[in-house]
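Written out below as C-alpha cells is the structure these notes cover.
Quick note: the coordinates plus some simple rules give every number you see, no bench work behind them. Nothing here was measured: the structure is a model prediction, and the numbers come from that model. Reconstructed Cβ throughout: ideal geometry from the backbone, glycine too, with neighbour counts over all protein chains shown.
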Amino acid sequence: MNSAELKQKFIAVFNPSKATRIFAAPGRVNLIGEHTDYNGGHVFPCALSFNTYVAAALRQDHKVRLYSANFDSLGIIETDLEHIVYHKKQNWANYPLGVLSVLLKREYPISCGFDMLFWGDIPQGAGLSSSASIELATATALNQLFDLRIPMFELTKIGQEAENKFVGMNCGIMDQFASGMGKQGHAILLDCNTLQYQYAPLKLDGISILLCNTNKPHNLIESKYNERRAQSEQALADLQKKLKINALGQLTEEEFDKNASIILDPVCRKRAKHAVYENQRTLRAVKALQQNDLAAFGQLMNASHVSLRDDYEVTGKELDSMAEAAWKQPGVLGARMTGGGFGGCVVALVENKSIENFKKNVAALYTKATGYTPDFYIAQAGAGAREIKE
C-alpha cells in the first residue's frame, strides 16, 4: 500500500475527522553476530527496505484504537490510556501498547487517545524483526504526534523495554536499534555493551544479500530463547568468580579458552563459547568487508552458522537444511541462519549471475529435506524509522 491507500484504508476503518500522518520503520537482517547482543558483544545488522507503516491521528478523548491490515480478522483492538495492560488476546497490538506503556510510565505528556492503522510488507515469522519495526513505527509516530522530542537513539531503548517488560521477550537491543538507526546502503557495527556504533557501507559489487525464508514459523517467546539467555548469564556468573568482566563479549577467544573450565555446567560452557567466538568473528567480518574481502566475510558467516548449530543449538532441521543447501551452490560466498533461530531465514551472499540457479537448486534440496516450500527475497539496506512526508 502506498501513502494514499493507507490513508483511504484509515478512513474506511476509523472514519476520522482529523488529518492522518504516515510513519514507517524497517525490519532488519543481521549479517553476522547472533545471540551476542544480550551477551554484551557486537552485532552487524542492516535495516531492510521492508517496513511496517503506521497511519495515525489524535483523538479528542482517551480512547486508543489499533487496527492491522495484516491481521484483518482481529478487527479494531480498543482500550484507553488508563488501561494499558498486556493481554494475550490483544495479539500483535501488545507491541504498540507496550511502547505506549513505557512512555506513560516515564511520564511523557500523552494527553489524549489516538487511532493507528498498521500495515507491513515484512514477511511474517521470517525472523526479520517485524515486532521491533512495529515498536519503532509506534514510537516514532507518538514522538511526532505529541512533539515529545525524544532522540531516535532513546526511542530504540524504549522499544526494547516494551518488548522486555510488557511483551515478556527478553531480547537484546539489536533489533530495535537497527530499525530505528538504520541508514540506506549501510550496515551498523554496534557494540551492545557500550552502545557505541559505526556505519559500514555495504559495497557488494556483483553480489546480493539473499534472504531464504524457511517458512517454518517461529515464536521466540515460547521457544528456547529465554532459556539460552539464562544459560549465558549462568556462564558469566561463574566466570565472574575469577574475572573482572560484566559481559561475555569482553573476552577474547584465548581468555575464554584459558578460563572455560570455571564454568561448571558443560551446556552453559558451550553457550558461552559461542557468545565469545561469535563476537570475535563479527569484528573480523567487518574488517574483511572494509578490506573488500567478501570471500573471507562469507567464510565467517559459514562458521557462525556452525557455532549456532553446535554450541548454541538454535538452528534446527529447517535452518540447517537451508544453510547446507546454500553452501553447495556455485556463486555462494557464505550463508548462515539470521535472527533468533528455531525457524525464520538464512541470509546468503550470492553472486548476481548465480541467483536464479541458486533459488531453483536450494528450493529443490530444501523442500526434499523438510517438506516446506521456501521463499527468497533480495535484501536492500534501507533507511531507519521516519515520518513519510507527502
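Give the Rg/Rh ratio for the range 3-201, taking Rg as the radius of gyration of the Cα atoms and Rh as the Kirkwood radius, to two decimals.
Reported Rg/Rh (Cα atoms, Kirkwood Rh): 0.96.
Would you work out the charge dipole size for the range 207-379 about its Cα centre, treating the Cβ of every Lys and Arg as +1 and the Cβ of every Asp and Glu as -1, and quote it to the nearest 20 debye?
Value, rounded to 20: 20 debye.
Determine, from the Cβ-Cβ distance of residue 72 and residue 310 and an R0 of 56 Å, the FRET efficiency 1/(1 + (r/R0)^6), rounded to the nearest 0.05.
That gives a FRET efficiency of 0.85.
Read phi for every residue in the range 332-341 and hand back ³J(HN,Hα) as whole Hz from Karplus 6.51 cos²θ - 1.76 cosθ + 1.60, θ = phi - 60°, with x for Gly and Pro.
Here the 3J(HN,Hα) series is 9, 8, x, 7, 7, 5, 9, x, x, x Hz.
Would you mind checking which residues have amide H under 5 Å from residue 343's amide H? H placed 1.01 Å from N; only 5 or more apart, or other chain.
Residues meeting the criterion, in which the H sits 1.01 Å from N, are 319.
Long-range amide H contacts for residue 27: which residues qualify at under 5 Å (H placed 1.01 Å from N, peptide plane, sequence gap of 5 or more or a different chain)?
48, 50, 51, 52
Kindly identify the range 159-223 as rounded, prolate or oblate by the Cα gyration tensor criterion: order the square roots of the eigenvalues as a ≥ b ≥ c, call it rounded if a/c is under 1.5, otherwise compare a/b with b/c, prolate if a/b is larger, else oblate.
oblate
Would you list, by chain and number, the aspartates and glutamates whose Cα falls below 20 Å from the Cα of residue 203, excluding same-chain residues fewer than 8 positions away?
Excluding near neighbours in sequence, the set is 293, 351.
Please list, in chain and number order, the residues 5+ apart from residue 331 or on another chain whose amide H is under 5 Å from its amide H, with Hs placed from the backbone.
For residue 331, whose amide H was placed from the backbone, there are no distant partners under 5 Å.
Once the other residues with Cβ under 14 Å from the Cβ of residue 18 are scored (Lys, Arg +1; Asp, Glu -1), what is the net sum?
Charge balance in the 14 Å sphere: +3.
If you build a Gaussian network model of the chain, linking Cα atoms that sit under 10 Å apart, which residue out of 281, 59, 28 swings the most?
In the Gaussian network model the winner is 59.
What list of ³J(HN,Hα) values in whole Hz, one per residue of the range 143-149 in order, does the Karplus curve 6.51 cos²θ - 1.76 cosθ + 1.60 (θ = phi - 60°) give from phi, with Gly and Pro shown as x?
The phi angles translate into 4, 7, 4, 9, 6, 7, 6 Hz.
Tilt of helix 225-239 relative to the longest C-alpha principal axis of the chain, in degrees (0 to 90, nearest 10)?
50
Within the range 276-295, whose backbone N sits under 14 Å from a point 7 Å along Cα→Cβ of residue 198?
Inside the label zone: 283-292.
Quick check: the angle from helix 317-327's long axis to the longest principal axis of the chain, C-alpha only, nearest 10 degrees?
60
Where does helix 94-105 land angle-wise versus the long Cα axis of the chain, in degrees 0 to 90, nearest 10?
Rounded to the nearest ten degrees, it is 70.
When we measure straight from the Cα of residue 273, which lysines land under 26 angstrom away, once same-chain ones fewer than 8 places off are left out?
224, 241, 242, 244, 258, 287, 317
For every other residue with a beta carbon closer than 15 angstrom to the beta carbon of residue 69, add +1 if it is Lys or Arg and -1 if Asp or Glu, then tell me the sum.
Counting the neighbours of residue 69, the net charge comes to -1.
Quick one: Cα centre-to-centre distance for the range 18-62 and the range 66-110, in angstrom?
So the two Cα centres are separated by 16 Å.
In the range 3-201, what is the count of Lys pairs whose alpha carbons are under 15 Å apart, counting only pairs at least 8 residues apart or on separate chains?
Lysine pairs meeting the criterion: 7.
Can you give the net charge of the other residues whose Cβ lies under 14 Å from the Cβ of residue 140, counting K and R as +1 and D and E as -1?
+1
Work out, step by step, the length gained on full extension between residue 18 and residue 85: first 0.36 nm times the residue separation, then minus their alpha carbon distance; give nm to one decimal.
Length gained, residue 18 through residue 85: 21.4 nm.
In whole Å, what is the distance between the alpha-carbon centres of the range 297-366 and the range 130-150?
Here the two parts' Cα centres lie 33 Å apart.
Please work out whether the range 207-379 counts as rounded, prolate or oblate from its C-alpha gyration tensor, where a ≥ b ≥ c are the square roots of the eigenvalues and a/c under 1.5 means rounded, while otherwise a/b larger than b/c means prolate and anything else oblate?
oblate
Which aspartates and glutamates have a Cα lying under 18 Å from the Cα of residue 389, excluding residues fewer than 8 positions away in the same chain?
Candidates past the 8-residue exclusion: 5, 147.
Add -39500 (n - 2.57) for each DSSP H run of 4 or more in the chain, then divide by its residues: what number comes out at 222 nm, to the nearest 500 deg cm²/dmol?
-12000 deg cm²/dmol
Applying the Karplus parametrisation 6.51 cos²θ - 1.76 cosθ + 1.60 with θ = phi - 60° to the phi angles of the range 63-71, what ³J(HN,Hα) value in whole Hz is obtained for each residue in order, glycine and proline being reported as x?
With the stated coefficients, the range 63-71 comes to 6, 10, 10, 10, 9, 10, 5, 7, 10 Hz.
Between residue 328 and residue 243, what length in nm is gained on full extension when 0.36 nm per residue of separation is reduced by their alpha carbon distance?
26.4 nm
For the chain, which semi-axes, largest first and in whole Å, follow from the square roots of 5 times the eigenvalues of its Cα gyration tensor?
35, 25, 19
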